[in-house]
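Down below is the structure, laid out as C-alpha cells.
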Amino acid sequence: MAALCVLLAALALCPRAARADGTRIFTVTGGEFHIEEARSMIDDINALRTGEDAWYWNDSDTEKVYAEGLAPLRYSCALEQVAMQRAAELAMLYDHVRPNHSYGLGYSFVPSGAVSYGENIAYGMNSVGSASVVFTMWAEEDEPYAGQGHRRNMLKEDFAAVGIGYYSTEEYNFWVQEFSYYDDSDDDDVEPLSLPVSYEILDEDICAITFIQDEDRSLHPGQSIAVEEFPVLVKSKYNQNSTEGILHGAEYVSGDESILRIEDGVLTAVAEGTVQVSTTIAGFTFSAPLKVTDISMAGEFDISIEGLLYPDSNLHIQANGPEGAEYYLMRLEASEAGWILNDSYPYPSDYWFNPGSYDDYGGRCRYKLTLSAYGGGKYLGKSTTTFYVHPESEVLNLPEDLARIEGEALAGVAAGRIVIADGSRASIGSRAFADCPNLLAVRIPKGVTEIAEDAFSGCRWDMLIEAVPGSAGARYAEAHGIKCVHVIDWYTLD
C-alpha cells in the first residue's frame, strides 16, 4: 500500500495560549516507540549539513543558497525525550501545537528567552516506518523554497542539537525532529522515553470513545477492574487515527446492571452478555459495548524458536500451550522492513517461517511475533516474542569447545549478534561482553551454567538474550530485566 504522508514544518513556532479549562489527562498505553530507528537518522542529517548538498532555494526560487561551514548537530537525549513525547501526541492531534492546543513541548526544554527552536513532523503508513524514507521526504530536494521548510530546519546555522522521535500505532507511523541552539552534553544520561506517557486533551476535540476489548482483554463473571485500568480508543476530530490509552476522569454508566455494575470507578462483571456503557464529555454522550464472557483468559504461554536467525534461514516456531489450544492466529511485524502481516490462517502448534520469503530486506531486521490461541470455539490467550534476524556478516560465532569466556574477552566488539555454540559448556566471566555498541542479541546455550553478574555491563538497553527456557541464560535475562527469546538447542546435553 502506498504511504500516506502529511508534512509540516516550523522554523519559529508561535505560542498559542494554553487552555486548562475543559481538558483532561490522557495516558497512552498502546503503540510503540522505536528508539534505535529514530537515532539512526542523525548520520543523514549531519551528512546533509556538512556535505555538498547543504543548500536550499532562495524565496524567489531563482538561486540556490548554500549553507557553508555548518557544524554537525549533536544528538540530544533530552530533546529525544521531547521528540518521542511529541510523536505520541501527533497520533491525537497532528499539528505543531499539543493536544490541549498549547505551544510545542520543546519550549519547555529551551532556556528562558531562547528564540531558536524548531520542529519537523511527519506521518504515514508502511514505508514511513523507515528513517531513510522519512529523511528523504524531509530533505525536499525537488521542492521550491515554500516546500523546503523541513530542509531549512535541518540546515539552520543556529541549531546545535537535535533529538528524533518515532512512535507507531497499528495504523500509522509518526515522526518528529526537535531542534535547539541549546547544547548541553549533560543530557546524555537522560533515559529513553517509554510507555505509558500522558498529556492533556481538550474535551471538545474528542469525537469517539470505544472500549478496547480485543482478544486479550476479556471480562468474565466475578471479575472487577478499575475504570482507569481499562483502556479505550480515543479519536479526536482532527485525526483519522485512534489512540489507545486511559481517559482519566471519565464517568461511565452501565446500560444493564444485571450484566455489568459500575460503582466508585470500578467495573464489576455480573453475568454473561453484552452491555452498552456510556459517558458524557463536553455535552456529548459516547456509548460503546462491553462484553462479559463465561471464560477467563488462559494468559501467556511460551513461544520457542529453532534455527539460525539469518535472513534466508528456516525458523521452526513452536507454541507451548495454553491447555486446550487447537490452533493459533499470527501477527508478524517487521520493523526495519516496514510491514505488518496479519495472518488469519489457522496454524497448528508448530510451523516453519522463513524471514526472507516475505520481503527482500537483506539486512538486520527486528521481528515481533504474536500468536493468539483458540480452542473449543473460544479465545484462550496470546503470547508475544521479539527477535532479531542478522546477516551472517554481523554475527560472531564462538566455538563449541570454548571452556571459558574470560573477563572483558569480547568487550567492545562490533558484532550485532554473538552465538555461543549449542554444545558449549563455557562459563562467562566478568564484563566478558561489556560495552558492545551494536550488540542486539546473544545466544546462550543450556550448557552454559555460570554467567558473571556484570557480563553484559554497558550493553544496549534493547539487547535480547536467546536461551532455552529454564536455563542459566534465561534466568540471567529475567534477573537483569533483559528480554529473553526462547530457543531450542539443536545439541542435546546429557
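The values are calculated or read from the model by the stated rules, or taken from the named source; none is laboratory data. For clarity, every value in this text was computed on a predicted model and none was experimentally measured. In this analysis, Cβ positions are derived from the backbone assuming ideal geometry, glycine residues included, and neighbour counts consider all displayed protein chains. These area figures cover heavy atoms from the full protein model, side chains too; ligands, DNA and RNA do not enter into them. Shrake-Rupley method; radii C 1.70, N 1.55, O 1.52, S 1.80 Å.
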Whole-Hz Karplus couplings 3J(HN,Hα) for region 52-64, θ = phi - 60° and coefficients 6.51, -1.76, 1.60, Gly and Pro as x, run 6, 9, 7, 9, 8, 6, 6, 5, 9, 6, 10, 8, 7
Taking max minus min of the Cα coordinates of region 222-288 on each principal axis, largest first, gives extents in Å of 38, 21, 21
Place a point 7 Å from the Cα of residue 398 in the direction of its beta carbon; the residues of region 419-437 whose amide N falls under 12 Å from it are 419-434
Residue 237 and residue 271 label points (each 7 Å along its Cα→Cβ direction) are spaced in nm at 4.1
Of all DSSP beta bridges with both partners in the chain, the antiparallel percent, nearest 5, is 80
The chain, Kirkwood Rh and Cα Rg, ratio Rg/Rh at 1.00
The answer for the chain, accessible area per residue at 1.4 Å probe in Å², is 44
Stokes-Einstein, Kirkwood over Cα pairs, region 347-494, 10 °C, 1.306 mPa s; D in µm²/s equals 97
Going through 378/446; 235/382; 156/483; 378/483; 156/235 one by one, the pairs whose alpha carbons sit over 31 Å apart turn out to be 378/446; 156/483; 156/235
In whole percent, the fraction of accessible protein surface over the chain that belongs to carbon or sulfur atoms, probe radius 1.4 Å, stands at 48
For residue 95 the rounded accessible area (nearest 10 Å², probe 1.4 Å, non-protein molecules ignored) is 40
Surrounding charge for residue 476, neighbours by C-beta under 15 angstrom, Lys/Arg +1, Asp/Glu -1, total 0
Expected sort for 166-179, 190-203 on mean C-beta neighbours within 10 Å, highest first, is 166-179, 190-203
Here the gain from full extension of residue 65 to residue 263, 0.36 nm per residue of separation minus their alpha-carbon distance, amounts to 64.8 nm
Hull volume per residue for region 116-258, using the convex hull of the C-alpha atoms, in Å³ is 181
Residues whose built amide H sits under 5 Å from the amide H of residue 375, excluding neighbours closer than 5 in sequence, are 326, 380
Taking 435-443, 452-460 and ranking on average Cβ neighbours within 10 Å, highest first, one gets 435-443, 452-460
Sequence order, region 127-141: Karplus ³J(HN,Hα) from phi using 6.51 cos²θ - 1.76 cosθ + 1.60, θ = phi - 60°, Hz rounded, Gly and Pro as x, gives 5, 6, x, 10, 4, 5, 5, 5, 4, 4, 5, 5, 5, 6, 5
In whole Hz, the Karplus estimates of ³J(HN,Hα) for region 302-312 (6.51, -1.76, 1.60; θ = phi - 60°; x where Gly or Pro) are 7, 10, 10, 10, 10, x, 7, 8, 10, x, 10
Neighbours of residue 86 by Cβ distance under 12 Å: Lys/Arg at +1, Asp/Glu at -1, summed charge -4
